[in-house]
Structure formats: C-alpha cells, structure tokens
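Following: one structure in structure tokens, then a few remarks.
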Amino acid sequence: MDIHSIIAPVITDRLALEEFIESLSDLAPKIERDIARLKSTPGDREVISSLFRSIHNIKGDAALCKVELAVTIVHPIETVLARFRNDEIAFSDIIAEAVLLALDRLELAVESLFSGRSLDGLHLLDLVQGLEKLSLEAAPNMDECACELIEAVTGFRPASEAAALMQGKASSISRKSKSQAADDLRFFRTLANQLEARSTLFKGRTMRLLRLAMETNQVMDKMIDPMQLEAAIYMHDIGMMFLPESVWLKQERMTDDEKLILRAHPDYADGILSRMDGWESAAEMVAQHHEMPDGEGYPMGLRAKQICDGAKILAIVDAFEAVMLKHINRGRNRSVLRAIAEINACNNQFSPEWINPFNQVIRRTLEAR
C-alpha cells in the first residue's frame, strides 16, 4: 500500500481526473443497482459478474487516468468481489454496506481533489487499511471485519435495519404556546405540506427533519426555543414555491444560472416570517440556514459566530435529508450510515458543536433498532 498516495495524493493531469470522475459517475449507480439485486438473489451469477466488471472497469479507468488514490481504494474491493465470485466467501448485507461506503468515499475524494478541497475528514487511510484487511480475512470473520471497517471510517457501529430511521415519524414535542402561536404553526405546517406535494421525493420530509432537529436540540437541553425551531423547519424551504419549478425540482446537474436563482429562496421565507409578530428567531434561522462556518455559504457569507444556533441545526438536518435522496433519480439509495458518514466528512460545511449532538441522535436511533 502506498500511504503517500492516500494521505497526500497528487493529481498530474486535471483533464484526466475529470474524465475519471465522469466515468465513475456512470458506473457507480450500476454498482449500487447490482448490489441491491444481489440482496434479493445472492446467487445470481450474471449480476455477480456484472458487479465485478464494473469494479474492475473503475480500477482500469483509474490506472489509465493516473488517479492512484482510486486504484488504491478499488484494488482490495476487486479482491473481495473476486473471492465472492469464486464462492470463497458468502455475500452479506454488511459486506455490501462496506463496499458501498468505499464507493461513496471514492466519489467524495475525487470530487474534493478536483475542486481543491481537503480530504482530511474522509478517513481514507482507515478506509484503505480496512478494505485490505477485509480482502484477506477468513470467510467466517468477514462480517465482523466489515463492521470494524465501517466503524473506523464513520464512527458508527452498524446496526440491523439502520435505514429504517428515515421511516420514523416525528417524536412528540412538549411545549407551551399561546393560542395564536399554535394557529401560526398549523399554518406553517400546511405550507410545508403543500411544498411536499410538489414531488413524491418529498413525501414525509418535513416530519423527518422536525424529528431530527428537535432531538438534536434536546441533546443540548433545548438550547434553542423549540417552537421557533419548529416554525423554521416548516418554513425554511417555502421560498422554493416562489421560484420556477423547472429549477428547484430539477434532478439533473444545475447550471450556474439556476444555482443563482435557487439561492434566493431563503429570502422569501425570511420575508414572510419577519413580518409576523413573534417569529423573529425563526426568521433568522431560515435566513441563515445555508450559511457556513468558513464563510462560503449564502446569502450573506456569514462566519461561524455570526450564524445562529437554530440555523446550524437546520443546515445539518437539511443536508442529511438531501444526502439520503442524493442520486435517487439514478436509482441510488443512501443508507443512514453512509449519509451520516458523508455529513461528518464535510468538516467545513457544518458547525462542529452541533455535529456531535446530531451524531448522538443518529447513534441512539441505530442502537435502538
């Protein structure tokens, strides 16, 4: 193993890297579909061969494009699949989860290399060491080895039926509120339901976000007013409804002009809330929920201490939901473990003081399954 290629990868040909990223983007959803099929029919030789070919092609493309980091990650995956193809080991959900996690990490890594972002949060050395150990592990110990790999990279111990988290409904929230505030919240929730109705992908989204945000706030002893946070959850994306649906419902890659249009949506929702008595805190959360600690967010480019805590929670849960839906139009699904791993890898995008409480909420949910 070339450790240098993992901890300090060098890209000598940017055009070749871009070509590899495009190739990986084409092959990744096919791999995920094949793995999903194997969960139903683990003995399907045609699917097994298809899966092996796709991984082998990624490795070949990486070598051709001189992306050594990708070769290092993919090589032990290829060995694992070769053992599976040769009936040396049995297919299992946890091995599949480890392979898919590695694929996610590879995509994040090459995209970060291309855009010049840090790879520090991806735990690539842990990933490669875990994959190499997995590729050599005795058959009876494969599942445990895969669990150790996932825990080393994500910080979470896999639990059965982990993905069922997103099917949960929002927990009960005890709060005291005036009659008018309760009426306002019902109105906000009605608007959120109207937004959900615009796409089948959004079904149940509001209640999932509410549950995660409220439980994260609970971990921190309700640092944020729960009623204001609830209003912000309902209203944070309502501004989308004032934009062309061809933009905010688009599933393909957005153009720069479309991204600029989309950036207007917090202002609309902020404008509604700030004109209603008693919802100033919720308006601030909504206005700031796309700001980032490093100042690279929008619309104001605020930095960490300038962003209110409610917006910091909202940014995390909103991104988590987005990752769960990422690439769903290509037939790709994100498990909870892979989604939380991606959130934790984006170390500049979210406030660390709220990442840890959010992790506790996810970990507690996984352990309860």
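Conditions (1) under 25 Å from the mean Cα position of the chain (by Cα); (2) among the charged types (D, E, K, R); (3) closer than 19 Å to Lys30 by Cβ, marked per residue:
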| site | (1), (2), (3) |
| --- | --- |
| Asp87 | no, yes, no |
| Leu103 | yes, no, yes |
| Glu107 | yes, yes, yes |
| Leu122 | yes, no, no |
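Taken over the stretch 35-66, the criterion of being without any contact (Cβ under 8 Å) to a residue 24 or more places away in the chain and open to solvent by less than 10 Å² (accessible area, probe 1.4 Å) is satisfied by Val47 alone. Taking the conditions exactly as written (more than 22 Å from Leu125 (Cα to Cα) and either modelled with pLDDT under 80 or in contact with a Cys (Cβ under 9 Å, 6 or more places away or on another chain) (or both)), does Leu314 satisfy them or not? Spelling it out, it is not the case that Leu314 is more than 22 Å from Leu125 (Cα to Cα) and either modelled with pLDDT under 80 or in contact with a Cys (Cβ under 9 Å, 6 or more places away or on another chain) (or both). Each residue in the stretch 67-89 was checked for being in a loop (DSSP other than H, G, I, E, B), of a type outside the set (S, T, N, Q) and either touching a Phe, Trp or Tyr at 6+ places or on another chain (Cβ under 8 Å) or without any contact (Cβ under 8 Å) to a residue 12 or more places away in the chain (or both), and 2 pass. On the given criteria, is Glu32 under 19 Å from Ser92 (Cα atoms), at pLDDT below 95, open to solvent by 50 Å² or more (accessible area, probe 1.4 Å) and assigned to a helix (DSSP H, G or I)? Considered against the rule, which asks whether it is under 19 Å from Ser92 (Cα atoms), at pLDDT below 95, open to solvent by 50 Å² or more (accessible area, probe 1.4 Å) and assigned to a helix (DSSP H, G or I), Glu32 comes out as no.
Screening the stretch 198-226 for residues that are among the aliphatic types (A, V, I, L, M) and in a helix (DSSP H, G or I) and picking the one that is most open to solvent (accessible area, probe 1.4 Å) gives Met207.
Suppose the filter is within 23 Å of Val323 (Cβ to Cβ) and surrounded by fewer than 16 Cβ atoms within 10 Å (Cβ to Cβ); does Leu195 pass it? Quick ask: steps written out before the conclusion?
Working: within 23 Å of Val323 (Cβ to Cβ): yes; surrounded by fewer than 16 Cβ atoms within 10 Å (Cβ to Cβ): no.
Considered against the rule, which asks whether it is within 23 Å of Val323 (Cβ to Cβ) and surrounded by fewer than 16 Cβ atoms within 10 Å (Cβ to Cβ), Leu195 comes out as no.
Every condition in (1) farther than 22 Å from Ser118 by Cα; (2) surrounded by 15 or more Cβ atoms within 10 Å (Cβ to Cβ); (3) hydrophobic (A, V, I, L, M, F, W, C) holds for Ala90 except the one numbered (2).
Please indicate, with yes or no, whether at least one residue in the stretch 130-142 is part of a helix (DSSP H, G or I), touching a Lys or Arg at 6+ places or on another chain (Cβ under 9 Å), closer than 26 Å to Ser23 by Cβ and open to solvent by 20 Å² or more (accessible area, probe 1.4 Å). For the stretch 130-142, residues part of a helix (DSSP H, G or I), touching a Lys or Arg at 6+ places or on another chain (Cβ under 9 Å), closer than 26 Å to Ser23 by Cβ and open to solvent by 20 Å² or more (accessible area, probe 1.4 Å): absent.
Quick one: in the stretch 298-323, which of the residues that are part of a helix (DSSP H, G or I) and without any contact (Cβ under 8 Å) to a residue 12 or more places away in the chain is surrounded by the most Cβ atoms within 10 Å (Cβ to Cβ)? Give the derivation first.
Start the filter on the stretch 298-323 by keeping residues that are part of a helix (DSSP H, G or I), which leaves 304-306, 309-323.
With without any contact (Cβ under 8 Å) to a residue 12 or more places away in the chain added as a condition, the list becomes 305, 322.
Numbers: Lys305: 7, Ala322: 14.
Here the answer is Ala322.
Please specify each residue of the stretch 114-129 satisfying the condition of being surrounded by 12 or more Cβ atoms within 10 Å (Cβ to Cβ) and assigned to a helix (DSSP H, G or I). Once the filter is applied, which keeps residues that are surrounded by 12 or more Cβ atoms within 10 Å (Cβ to Cβ) and assigned to a helix (DSSP H, G or I), the stretch 114-129 yields Phe114, Asp120, Gly121, Leu122, Leu124, Leu125, Asp126, Leu127, Val128, Gln129.
Leu337 falls short on exactly one of the conditions (1) touching an Asp or Glu at 6+ places or on another chain (Cβ under 8 Å); (2) buried (at least 21 other Cβ atoms within 10 Å of the Cβ); (3) of a type outside the set (S, T, N, Q); (4) assigned to a loop (DSSP other than H, G, I, E, B), and that condition is (4).
I'd like to check something: does the stretch 279-293 contain any residue that is in a helix (DSSP H, G or I), modelled with pLDDT of 90 or more, surrounded by 14 or more Cβ atoms within 10 Å (Cβ to Cβ) and among the β-branched types (Val, Ile, Thr)? Yes, the stretch 279-293 contains at least one residue that is in a helix (DSSP H, G or I), modelled with pLDDT of 90 or more, surrounded by 14 or more Cβ atoms within 10 Å (Cβ to Cβ) and among the β-branched types (Val, Ile, Thr).
The values are calculated or read from the model by the stated rules, or taken from the named source; none is laboratory data. Because the structure is predicted, anything quoted here is derived from the model rather than measured. When we count neighbours, we look across all protein chains shown, and the Cβ atoms used for this are built from the backbone with ideal geometry, even at glycine. Accessible surface areas use protein heavy atoms only, side chains included; no ligands, DNA or RNA. Shrake-Rupley method; radii C 1.70, N 1.55, O 1.52, S 1.80 Å.
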